[in-house]
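Structure, as structure tokens:
The values are calculated or read from the model by the stated rules, or taken from the named source; none is laboratory data. From a predicted model like this one, the values you see are computed outputs, not experimental measurements. Positions of Cβ are generated from backbone atoms using ideal geometry, with glycine treated the same way; all protein chains shown enter the neighbour counts. These accessible areas exclude ligands, DNA and RNA; they are computed on the full protein's heavy atoms, side chains included. Shrake-Rupley method; radii C 1.70, N 1.55, O 1.52, S 1.80 Å.
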Amino acid sequence: MISGMPTGRAGRLWLRHRLEVAERAADLLDRKLRILRVEQERLRLLTRQSREEWQARCAAADEWLLRASLLGGRRALRLAQDGGVAEVTVGYGATMGVRHPVRVDFVAPPPTPAVLDGAVLISAREACQAALAAAGRYAAASAASRLVDEEVAVTRQRIRAVKSRWIPRLRAALTDVEFVLEEQEREDGARLRRINMRQT
């Protein structure tokens, strides 16, 4: 017996309604899972591409920093640090109710005149900024991928719960109620026939 279920014919109607709702929920969850899987694959590819881009940009930045330190020494690199702060803005979107990062805007601080001395320092600065921007894109893509992966797992669990437990429970309860109601109808029919036979 399911808690809150009325008895008799009302129970049968109650169970049929709950069963329809559960089957509709299973269909919606299946559709949600299909959409999430497409997004999951897209985000995995984006994460892989952005990681490769970030690693390439870091290698380029390391190369330019090495050149700058070889040409101007570590002192030149320390002087080139102007103390400015970069601004990072994360834009969010949603896929099937899952809020996740979709965009990262990176704004580097304006260079001070001391930083502009030398083409190597300018190239090193630009390479480091490109690496930082790529790192932001990679972080956003991997966070979005992780969030969608978690929602896929939760949705699969919900589908299993509805299809493997809830729907079979409702069907079994409906079968039991219908059996009891049929028995009651047979008994009522037999009783009416006996009453009719006595009256004739």
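By how many nm would the segment from Ala161 to Phe106 grow when fully extended, if each residue of separation counts as 0.36 nm and the alpha-carbon distance is taken off?
Stretched fully, the Ala161-Phe106 segment lengthens by 15.5 nm.
How many times 2.2 N^0.38 Å is the alpha carbon radius of gyration of segment 37-112?
Scaled against compact globular proteins, the figure is 1.56.
Would you list the P(r) distribution for the chain, with all Cα-Cα distances sorted into 5 Å bins from 0 and each bin expressed as a whole %?
Here the calculated profile for the chain is 1, 7, 10, 10, 9, 7, 7, 6, 6, 5, 5, 4, 4, 4, 3, 3, 2, 2, 1, 1, 1, 1, 0, 0, 0.
Would you list the P(r) distribution for segment 84-200, with all Cα-Cα distances sorted into 10 Å bins from 0 and each bin expressed as a whole %?
11, 19, 14, 12, 10, 8, 8, 6, 5, 4, 2, 1
What accessible area, in Å² to the nearest ten, does a 1.4 Å probe give for Glu182?
90 Å²
R0 = 45 Å: FRET efficiency of Arg146 with Arg191, Cβ-based, nearest 0.05? Can you show the working numbers first?
Values: r = 66 Å, r/R0 = 1.46.
Efficiency at R0 = 45 Å is approximately 0.10.
Tell me, what is the per residue accessible area of the chain in Å², probe radius 1.4 Å?
66 Å²
What is segment 117-166 by shape, rounded, prolate or oblate, if you read a ≥ b ≥ c off the alpha carbon gyration tensor as root eigenvalues and call it rounded for a/c under 1.5, prolate for a/b larger than b/c, and oblate otherwise?
Working: a/c = 13.08, a/b = 11.50, b/c = 1.14.
Prolate shape, in that a/c is at least 1.5 and a/b is the bigger ratio.
Leaving out ligands, DNA and RNA but keeping every protein chain, what accessible area does Ser142 have, in Å² rounded to the nearest 10, with a 1.4 Å probe?
40 Å²
Mind checking which of Leu121, Leu29, Leu181 has the largest fluctuation in a GNM of the chain, springs on alpha carbons under 10 Å?
Ranking Leu121, Leu29, Leu181 by mean-square fluctuation puts Leu181 first.
Over segment 144-200, how many percent of alpha carbon pairs lie in each 10 Å bin up to the one with the longest distance?
P(r) for segment 144-200, in whole percents per bin: 20, 20, 17, 15, 12, 8, 5, 2, 0.
Quick check on the chain: helices-only [θ] at 222 nm, where DSSP H runs of length 4 and up contribute -39,500 (n - 2.57) each and the sum goes over total residues. Nearest 500, please.
It lands at -27500 deg cm²/dmol.
Dipole of the chain, Cα-centred, from +1 at each Lys and Arg C-beta and -1 at each Asp and Glu C-beta, to the nearest 20 debye?
Values: 35 positive and 25 negative charges, 183 e Å.
The dipole of the chain has a size of about 880 debye.
Give me the percent of accessible area attributable to carbon and sulfur for the chain, probe 1.4 angstrom.
It is 55 percent, rounded to a whole number.
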